[in-house]
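Scroll down for the structure; my scribbles are underneath it.
The values are calculated or read from the model by the stated rules, or taken from the named source; none is laboratory data. Quick caveat: nothing in here was measured; it's all calculated off a predicted structure. Glycine gets a Cβ as well: all are built from the backbone with ideal geometry, and neighbour counts include every protein chain shown.
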Amino acid sequence: MFPHEKELVERLKDEPFTLLGVNTDKDAEYYRAQVEENGITWRSTFEGSTRGPVPTRWGVTYYPTIYVLDHEGAIRFKDVRGEDLDAAVDQLLAEMKGEPPRPAPAAADPEPSGGSEKQDGAGAPREAAVPAMPLIPMEAMPRADEPGEPIPPDRGGIAGRAVFRGQAPPLAPLSITARQAEGCLEAGHAVDATDRSRLIDARGGVQNVLVKVRVEGAAPAVPAGEAGVSVLDQRRCRFEPHALIVPVGGTLRVLNSDEISHNVHTYSIRNQAWNRTTPGGADFEQVLERPETFQVKCDIHPWMSSWIHVVDTPFAALTGPDGTFRIDGLPPGEHEVEYWHEDRLLGKGALGPVSVKGGELTEVELELGGDAGPRRRRR
């Protein structure tokens with residue numbers, strides 16, 4: 001791929017275009033040698049593992065995986081290559097500049113490099129198949145000079161996947177009329193009508209499962225400043241993300257990236273509930289002081305929904321698009337793993353005790369729904 005990427009970067013050097021590479025090799029020295037040998041001039045970060053935070057957050061299950069994002073940070077195309085990649089980038093540049101629309105690229109080859117199963121929606125416009133996903137801030141991504149650290153001998157980790165083995169009844173698209181959606185998007189575009197209350201991939205991986213590990217005496221660490229703020233956005237008349245973790249005592253910032261007004265209505269019980277209108281471009285903050293899970297809705301656009309998990313443990317994670325999760329920094333010992341999903345078909349439960357050893361990663365599989373129950377294995 002490198003020759004074509006070099007051509008693309010050179011051709012668009014004077015355009016508002018950025019290429020970012022994420023490397024998942026385990027050897028940092030080998031990674032740096034490859035950067036130099038292949039003449040990589042664009043920003044590239046080092047994960048140190050295929051289970052690093054970036055591939056886990058973005059649901060990467062085969063390599064290479066390519067995402068093309070627009071200037072608002074929403075995924076618009078996936079796994080377009082060669083001329084189709086050029087067409088995707090050119091189309092988004094034209095949209096941003098207000099130029100006439102250009103032909104959309106064709107879908108990517110059905111067998112991605114690496115031989116793993118391809119996810120649905122590859123190469124399709126975002127409105128058709130690829131849901132919007134907030135862009136990871138560049139400062140939150142690992143840098144080349146900061147490789148991923150091995151698991152320390154006095155700490156362990158739990159990693160795994162939430163899976164639904166049964167045949168889930170299909171969810172109909174959300175009911176969104178043209179009148180209700182007025183002002184949500186530019187003319188000719190429709191609001192993403194995907195019902196995100198139950199997202200299951202082709203291999204049964206369940207997204208947005210809250211996974212928590214109970215450790216006695218462990219208090220949620222709330223970083224100071226911007227790092228301690230969790231952001232819920234209202235964009236294209238959808239809440240982004242659909243599920244969000246906020247530590248007890250942390251701040252939730254609600255943004256409105258749309259030009260029209262929204263109504264933010266929380267259904268919290270232990271924390272102060274609010275029901276307030278946010279004009280286009282406005283934002284507000286709220287400190288969440290007690291642990292609970294609650295729903296957020298918009299009374300103006302009733303299809304808008306999100307879930308906030310206020311957690312009292314630093315050991316919590318949400319599963320990605322393929323159902324995977326990882327929780328690091330656990331003290332060695334026996335721990336209980338709790339999980340919860342908004343859909344009653346998938347439900348909630350607990351697995352324990354799970355044995356965690358220093359310097360090791362314990363793998364678990366959470367089977368949601370049915371009677372199979374969770375499984376675990378250690379590596």
By residue number, the members of region 2-39 that are assigned to a loop (DSSP other than H, G, I, E, B), polar (S, T, N, Q) and more than 27 Å from the chain's Cα centre (by Cα) are ASN38
Any hit, region 286-294, residues being under 21 Å from VAL191 (Cα atoms) and surrounded by 19 or more Cβ atoms within 10 Å (Cβ to Cβ) = no
Residues in region 159-181 that are more than 23 Å from VAL211 (Cβ to Cβ) and touching a residue at least 12 places away in the same chain (Cβ under 8 Å) total 8
Condition set surrounded by fewer than 18 Cβ atoms within 10 Å (Cβ to Cβ) and assigned to a strand (DSSP E or B), scope region 298-337, selection nearest to the chain's Cα centre (by Cα): answer is ASP328
Given (1) under 20 Å from the mean Cα position of the chain (by Cα); (2) surrounded by 14 or more Cβ atoms within 10 Å (Cβ to Cβ), ALA181 misses just (1)
Of the residues in region 322-371, those that are closer than 30 Å to SER197 by Cα and acidic (Asp, Glu) come to ASP322, ASP328, GLU336, GLU338, GLU342, ASP343, GLU363, GLU365, GLU367, ASP371
When restricted to GLU367, GLU363, the only residue assigned by TED's automatic domain parsing to the domain that holds GLY217, assigned to a strand (DSSP E or B), more than 14 Å from GLN207 (Cα to Cα) and out of contact with any Leu (no Cβ under 6 Å at 6 or more places or on another chain) is GLU363
Residue hits (region 341-359; touching a residue at least 60 places away in the same chain (Cβ under 8 Å) and either crowded, with 18+ Cβ neighbours inside 10 Å or over 15 Å from PHE164 (Cβ atoms) (or both)) are HIS341, GLU342, ASP343, LEU346, VAL354, VAL356, LYS357, GLY358, GLY359
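Table: residues versus (1) in the same structural domain as GLY166 (by TED's automatic domain parsing); (2) among the acidic types (Asp, Glu); (3) in contact with a helix residue (DSSP H, G or I) (Cβ under 6 Å, 6 or more places away or on another chain); (4) within 16 Å of HIS301 (Cα to Cα).
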{"position": "ASP201", "(1), (2), (3), (4)": "yes, yes, no, no"}
{"position": "VAL215", "(1), (2), (3), (4)": "yes, no, no, no"}
{"position": "ALA218", "(1), (2), (3), (4)": "yes, no, no, no"}
{"position": "GLU240", "(1), (2), (3), (4)": "yes, yes, no, yes"}
{"position": "ALA243", "(1), (2), (3), (4)": "yes, no, no, no"}
{"position": "VAL248", "(1), (2), (3), (4)": "yes, no, no, no"}
{"position": "ILE260", "(1), (2), (3), (4)": "yes, no, no, yes"}
{"position": "GLN272", "(1), (2), (3), (4)": "yes, no, no, no"}
{"position": "ASP283", "(1), (2), (3), (4)": "yes, yes, no, no"}
Residue check: is SER268 over 23 Å from the mean Cα position of the chain (by Cα), within 30 Å of GLN180 (Cα to Cα), modelled with pLDDT of 95 or more and polar (S, T, N, Q)? yes
_Any chance ALA224 is at pLDDT below 90 and farther than 26 Å from ALA193 by Cα_ = yes
### Query
In this structure, is HIS262 closer than 25 Å to ASP283 by Cα, surrounded by 18 or more Cβ atoms within 10 Å (Cβ to Cβ) and within 18 Å of the chain's Cα centre (by Cα)?
no
Those residues of region 172-212 which are closer than 20 Å to GLU342 by Cβ and hydroxyl-bearing (Ser, Thr, Tyr) amount to SER175, THR194, SER197
Considering region 31-49, residues that are touching a strand residue (DSSP E or B) at 6+ places or on another chain (Cβ under 7 Å) and of a type in the set (D, E, K, R), and then whichever is modelled with the lowest pLDDT, we arrive at GLU47
